[in-house]
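Working notes, beginning with the structure itself.
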Amino acid sequence: MKRITVFCGSSLGTEKIFELKARELGKRLALENIELVYGGASIGLMGAVADGALSVGGNVIGVLPKFLRLKEITHEKLTQLILVDTMHERKTIMDDLCDGVISLPGGFGTLEEFFEMLTWGQLGLHKKPIGILNVNGFYDELISLMDTMVKKGFLKDSNRQMVLVSDSIDHLLEKMKTYQAPSVGKWITKETI
Ligand code: AMP
């Protein structure tokens, strides 16, 4: 993996561990020579992951919509800042640039970006690994909802397995490196029900 896109909160959250893990992830990617792609802001966990990577000389590419430049406060020290016009353009570029994605704790924006990558994967539009760094159990309820989706017949187990989860950066990166996308598509036929 040459580049990983990280989705995460534009806020810091209530637990210090969120920020610490975001910094640690940024650092770890840089030390593995993996470039970081993210939303380009200096605030919240977004700023923390970028600062972590930059602190050890990593390359960081920010992709920021022009209209968010003030609200999300552009990070001034990035290796490269790509300014775009729309949110859709932002996500397309973040996808084009990366070989995999990781979600850290976050809010609606983080989940929106994460689920879009997941649904694109489910439709076979890409075969990239999609990971959740489940810091301090932040995503436990979401993971349990995904299991409910399988149980209640809305999600195939093979697609559920696309979501790689760990609370350890090492373990998550290991899972991502060996990931094989499912060969079956999303669409459930009569025969497979
Ligand atoms: P949040 O998790 O809500 O703090 O948001 C994290 C990041 O997701 C921020 O940079 C938001 O601007 C971004 N975001 C929110 N909605 C979208 C969207 N529809 N497309 C792309 N980025 C988004």
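The values are calculated or read from the model by the stated rules, or taken from the named source; none is laboratory data. Here the structure is a predicted model, which means the values were calculated and not measured. Counting neighbours? That spans all protein chains shown, and the Cβs are built from the backbone with ideal geometry, glycine included. In case anyone asks, the SASA skips ligands and DNA or RNA and just uses the protein heavy atoms, side chains included. Shrake-Rupley method; radii C 1.70, N 1.55, O 1.52, S 1.80 Å.
Listed by position, the helices (runs of 4 or more DSSP H) enclosed by the range 94-193 that each have at least 3 residues that are open to solvent by 40 Å² or more (accessible area, probe 1.4 Å) are 108-122, 140-151, 169-177.
Output the residues belonging to the range 118-133 that are within 16 Å of the ligand (Cβ to nearest atom) and either farther than 16 Å from Arg3 by Cβ or in contact with a His (Cβ under 8 Å, 6 or more places away or on another chain) (or both). Even if it seems obvious, please write down each step before you answer.
Going through the range 118-133, the residues within 16 Å of the ligand (Cβ to nearest atom) turn out to be 118-120, 130, 132-133.
Across the range 118-133, the qualifying residues are Leu118, Thr119, Trp120, Ile132, Leu133.
Would you check which residues across the range 14-48 are part of a loop (DSSP other than H, G, I, E, B) and more than 18 Å from Ser168 (Cβ to Cβ) and list them? So that I can check it myself, show each step before the final result.
Let us first name the residues in the range 14-48 that are part of a loop (DSSP other than H, G, I, E, B), namely 14-15, 32-34, 39-40, 42-43.
Thr14, Asn33, Gly39, Gly40, Ser42, Ile43, listed by residue number.
The set of residues from the range 82-101 being in contact (Cβ under 8 Å) with a residue 24 or more places away in the chain and closer than 23 Å to Glu32 by Cβ comprises Ile82, Ile93, Met94, Asp95, Leu97, Cys98, Asp99, Gly100, Val101.
Could you tell me whether the range 49-61 includes any residue that is modelled with pLDDT of 95 or more, in a loop (DSSP other than H, G, I, E, B) and acidic (Asp, Glu)? Walk me through how you get there before you give the answer.
Here is the first cut: in the range 49-61, the residues modelled with pLDDT of 95 or more are 49-61.
Filter once more, so that each one left must be in a loop (DSSP other than H, G, I, E, B): 56-59.
From what is left, the residues that are acidic (Asp, Glu) are none.
Taking every residue of the range 49-61 in turn, none turns out to be modelled with pLDDT of 95 or more, in a loop (DSSP other than H, G, I, E, B) and acidic (Asp, Glu).
Only one entry of Gly58, Gly40, Gly52, Gly62 meets the criterion of being crowded, with 20+ Cβ neighbours inside 10 Å, small (Gly, Ala, Ser), without any contact (Cβ under 8 Å) to a residue 40 or more places away in the chain and within 11 Å of the ligand (Cβ to nearest atom), and that entry is Gly62. For Gly40, the requirement of being of a type in the set (Gly, Ala, Ser) and in contact with a strand residue (DSSP E or B) (Cβ under 9 Å, 6 or more places away or on another chain) is met. If I go through the range 68-90 residue by residue, how many of them are open to solvent by 20 Å² or more (accessible area, probe 1.4 Å) and within 10 Å of the ligand (Cβ to nearest atom)? Matching residues across the range 68-90 total 6.
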